[in-house]
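Contents: one structure, followed by commentary.
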Amino acid sequence: IVNYTMPLNIDENINLSLNATASFPLTKLYSRFNVSANIRDQRSVTINRSSEDGELVDENRNDVHQFTVGGNLRYTFTFKEIFDISLSTQLSHQTIDNESSADQTYFNKTYSTEGNVNFLKKYRFSGTFNYLEYQSQSNNSTIGIPQLNFSLSRYVLKANAGEIKVGINNVLDKQLGVSQTANEQYFQRQTMNSLGRYYMVSFTYAIN
């Protein structure tokens, strides 16, 4: 007996998505809010067929409903050309209802903050902190990864067209990477060793 999945043209396949973005400046507070939201609704059907000696012996239909909702909220404060800081959060929640297998639910969250300070006309100090959280509500497991980066820049050449930057990446030395995906057939989470703390020197030249 041979089992296989054959793609067919089926009327019940539906894929709907909606995206919205809004921005609200608060001039007197030197601030800006950015909000975005997205929704995706997918309904599909897979047909699993079993054959023996070229003859069809069994056919199973699997109805799948995949629903994803997410969004991003960002606040930015800018004081002239001296200082700026931003706070943001990005969320994504996905459920997969399978007629023939266990349902899957996962929740990805990213919390971020970024700040920049310009001083002595030619220098810029920057820092970013991200906290990534991967949660599978189906098996009640959560992985959280903090990421911290710092850099110091020196502008050179006419009109500050050149930038020399020295950076420290992954200051907390978290040697772990996570990839989380799901579709109508499966849910997959991969954890892998990644590059730990490292230093980088770079030069950037702006043509304009």
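Using 1/(1 + (r/R0)^6) with R0 = 25 angstrom and r between the beta carbons of Asn62 and Gln137, what's the FRET efficiency to the nearest 0.05?
After rounding to 0.05, the efficiency reads 0.70.
Would you grab the residues whose amide H sits under 5 Å from the one on Leu172? Only those 5+ places off in sequence or on another chain, please, with H modelled 1.01 Å from N.
The list, which skips near neighbours in sequence, is Leu148.
Taking the Cα centre of segment 91-154 as origin, work out the dipole magnitude from +1 charges on Lys and Arg Cβ and -1 charges on Asp and Glu Cβ, in debye rounded to 20.
Using Cβ point charges on Lys, Arg, Asp and Glu, segment 91-154 gives about 900 debye.
With labels modelled as points extended 7 Å from the Cα through the Cβ direction, what inter-label distance (nm, one decimal) is found for Phe203 paired with Asn38?
Once both label points are built, they end up 3.8 nm from each other.
How charged is the neighbourhood of Arg154? Take every other residue with its Cβ under 15 Å from the Cβ of Arg154, and add Lys/Arg as +1 and Asp/Glu as -1.
+4
Computed FRET efficiency, Cβ-Cβ of Leu195 and Leu73, R0 25 Å: what is it to the nearest 0.05?
0.25
Based on the mean of other Cβ atoms within 10 Å per residue, sort peptides 127-133, 196-202 so the most packed one is first.
Going from most to least packed, we get 127-133, 196-202.
What FRET efficiency comes out for Ser92 versus Ala22 if R0 is 22 angstrom and r is the Cβ-Cβ distance? Round to the nearest 0.05.
That pair, Ser92 with Ala22, gives E of 0.75.
Net charge within 12 Å of Ile164 by Cβ-Cβ distance, Lys/Arg positive one each and Asp/Glu negative one each, not counting Ile164 itself?
Result for the local shell: +3.
Net charge around Phe24, counting only other residues with Cβ within less than 13 Å of its Cβ (Lys, Arg = +1; Asp, Glu = -1)?
Net charge in that neighbourhood comes out at +3.
Kirkwood hydrodynamic radius for segment 77-133: how many Å is it when counted over pairs of different Cα atoms?
14.4
Where a number appears in this text, it was derived from the coordinates with a stated rule and is not lab data. Predicted model, so just to flag it, every value in this text is computed and none were measured. Glycine also receives a Cβ, built like all others from the backbone with ideal geometry; neighbour counts cover every protein chain displayed.
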